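Here is the structure we will look at.
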Amino acid sequence: MATTRQAHTVWEGNLLEGKGVVTLDSSGSGEFQVSWPSRAEEANGKTSPEELIAAAHSSCFSMALSNGLAKAGTPPTKLNTQADVTFQPGTGITGIHLTVEGEVPGLDEAGFVKAAEDAKVNCPVSQALTGTTITLSASLA
C-alpha cells in the first residue's frame, strides 16, 4: 500500500528578509523555523531545506542498509549515519556525503562497505535525489 506524507510551510516576506515555519503534518512531530540566513549562513536555531533533506536521507539510508544486512543474514546491532548536504547560494545543492559506522556481528569491512554502497544507490531518498552527487564513507565500529 502506498503512503503519502505531508508537510507545509508558511512563508512571510521576501527571500532575504522573510521567514517561515515548516510544519510536519503527517506525524505532528513539530514545527521548525526557516529563513534565508539559516540556509545560507549560520543556522542560529533554525532549520533549512538542506537539513531536512539530510534528516530524510540519513534515516532512509539507515533503514535500507539495515534491511539489506538482515536479508543477507547479518543484521546490524547499530548503525550511526550522518548525511552532509552541501548548499552553495546561487548554485544549489552541490552534493551529499553519507558517513556510516556500523556494528554488524559476523560481517567483515569489505562486506559492510558493499552493503552500504548498495543501500546508497537503492534507498528511495537516494533514488529521488539522482540529480545530486552522493558519496559515501562506510566503516565498522
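The values are calculated or read from the model by the stated rules, or taken from the named source; none is laboratory data. Keep in mind that this is a model prediction, so the values were computed, not measured. FYI the Cβ positions are ideal-geometry reconstructions off the backbone, even for glycines, and counts take in every protein chain you see. Side chains are part of the model used for accessible areas, which takes the heavy atoms of the whole protein and leaves out ligands, DNA and RNA. Shrake-Rupley method; radii C 1.70, N 1.55, O 1.52, S 1.80 Å.
Assorted remarks:
- Scanning the range 120-131 for residues that are open to solvent by 30 Å² or more (accessible area, probe 1.4 Å) and either over 16 Å from Ala56 (Cβ atoms) or not in a helix (DSSP H, G or I) (or both) turns up Val121, Leu129, Thr130, Gly131.
- Given (1) more than 17 Å from Val100 (Cβ to Cβ); (2) small (Gly, Ala, Ser); (3) within 16 Å of the chain's Cα centre (by Cα), number of the condition Ser59 does not satisfy: (1)
- Strands (runs of 3 or more DSSP E) fully within the range 1-119 counting 2 or more residues that are open to solvent by 50 Å² or more (accessible area, probe 1.4 Å), of a type in the set (Asp, Glu) and in contact (Cβ under 8 Å) with a residue 12 or more places away in the chain: 92-103
- Residues being under 20 Å from Ile93 (Cα atoms) and of a type in the set (Phe, Trp, Tyr) - total across the range 30-67: 2
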